[in-house]
Amino acid sequence: MQDHSRYDPVWRAAEPYMRVRKNDVHLPLAFHWAQALLDAHPEADRDICSLAIMLHDIGWYSIDMERIIDEGFRSENFLTSDVRYLHEAEGVRLAREVLGTTGWAEDTIEAVCEIIDGHDTRAEPRHLNDRIVRDADKLWRYSVIGLSIASDWFGGSLKQYAEQVERDLPKFETETGRQLAETELARSRAALMLHVL
C-alpha cells in the first residue's frame, strides 16, 4: 500500500477551491481510482497523475454554481460549453499556485498543468498519464456516491444516469479503467436496487 501523505500539503492548499460542485467528494474519490489505475500501470508517473487528478477540477471554484449546472451539465453541447474551457484555464492557474506554494518542481507543475488544460475538452489524450487521469475522472461516476451526485447535475433519475454511464463504458482510455467501471457499476446498481427502482 502506497503512502500518500506526501500529497497532504497539496490537499490542504487546494481545499478552499474544492468547496464547489461537490469537488470535496469528487476529487478524493477520483484520486483513489487513480491509485488503482497507477498500480495497474506502473510505467505511468505516479506524482504527475496523482497531482493532476487532485487538482483537475479546482477551476470550477471560479464559476458560479448556477452557470456550472446550466451550461456545464444541462446545455445541449455541455462538453464544449464555455464554462468547460474556463474551468480548465482556471484550474491551470490555481494548480500553478497550489503546486508552487507547496514546493513542487517546475517540470512537475508543467506536466500537471498540461493534463489539466484540456482534460474535458481535448478530443484525444496525449500520453498514458493523461489517459489515467481521464479514466480516474470518469470512474467515480460509477460509484453509489458518484451516481447520486452526477444524476442531480444532469437532472435525471439514478436509473437514467446509470444507463448513461453504461453507454459511456467504451469511452474509457484504458482496459483497466473500463473493467473497474463495469465492476463498480454492477455493485452500485445492486446497492441502489436499480433492478427494481
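The values are calculated or read from the model by the stated rules, or taken from the named source; none is laboratory data. What you are looking at is a predicted structure, and each value in this text was computed from that prediction instead of being measured. Every residue, glycine among them, receives a Cβ derived from its backbone with ideal geometry; neighbour counts consider all protein chains shown.
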Subject >> Residue selected from the range 111-123 under the condition exposed (fewer than 14 other Cβ atoms within 10 Å of the Cβ) and touching a helix residue (DSSP H, G or I) at 6+ places or on another chain (Cβ under 9 Å), by the criterion nearest to Val20 (Cα to Cα) >> reply: Thr121
**OP:** Filter the range 50-78 down to the residues that are in contact with a helix residue (DSSP H, G or I) (Cβ under 7 Å, 6 or more places away or on another chain) and of a type in the set (Ser, Thr, Tyr), then identify the one that is farthest from Glu90 (Cα to Cα).
**Re:** Ser50
**OP:** Those residues that are assigned to a helix (DSSP H, G or I) and either on the phi > 0 side of the Ramachandran plot or touching a residue at least 40 places away in the same chain (Cβ under 8 Å) (or both), I need them from the range 149-177; list them, please.
**Re:** Ile149, Trp153, Phe154, Thr176, Gly177
Original post:
Which residues, counting only those in the range 130-148, are buried (at least 18 other Cβ atoms within 10 Å of the Cβ) and within 18 Å of Arg167 (Cα to Cα)?
Top reply: Arg134, Asp135, Ala136, Asp137, Lys138, Leu139, Trp140, Arg141, Tyr142, Ser143, Gly146, Leu147
Original post:
So Phe73 clears everything in (1) buried (at least 21 other Cβ atoms within 10 Å of the Cβ); (2) under 20 Å from Trp153 (Cβ atoms); (3) not β-branched (Val, Ile, Thr) except one condition, right? Which one?
Top reply: (1)
Original post:
Are there any helices (runs of 4 or more DSSP H) wholly within the range 1-112 with 2 or more residues that are at pLDDT 95 or above, and if so which?
Top reply: 8-14, 23-40, 46-55, 82-101
Original post:
Which members of the range 93-131 meet the condition of being charged (D, E, K, R) and either over 20 Å from Trp60 (Cβ atoms) or more than 14 Å from the chain's Cα centre (by Cα) (or both)?
Top reply: Arg93, Arg96, Glu97, Glu106, Asp107, Glu110, Glu114, Arg122, Glu124, Arg126, Arg131
**OP:** For Leu197, state whether it is loosely packed, with under 15 Cβ neighbours inside 10 Å and at pLDDT below 95.
**Re:** yes
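So that you can scan it fast, the table gives a plain yes or no per residue for (1) in contact with a strand residue (DSSP E or B) (Cβ under 7 Å, 6 or more places away or on another chain); (2) among the basic types (Lys, Arg); (3) closer than 29 Å to Ser75 by Cβ:
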position	(1), (2), (3)
Trp153	no, no, yes
Glu163	no, no, yes
Arg167	no, yes, yes
Glu184	no, no, yes
Ser188	no, no, yes
Met193	no, no, no
Subject >> Selection count, the range 123-148, where residues are part of a loop (DSSP other than H, G, I, E, B), without any contact (Cβ under 8 Å) to a residue 60 or more places away in the chain and in contact with an Asp or Glu (Cβ under 8 Å, 6 or more places away or on another chain) >> reply: 2
**OP:** Search the range 1-13 for residues that are farther than 15 Å from Cys49 by Cα and pair each with any residue that is buried (at least 16 other Cβ atoms within 10 Å of the Cβ) and of a type in the set (Ser, Thr, Tyr) when their beta-carbon atoms are under 8 Å apart and the residues are at least 6 apart or on different chains.
**Re:** Pro9/Thr102; Ala13/Thr102
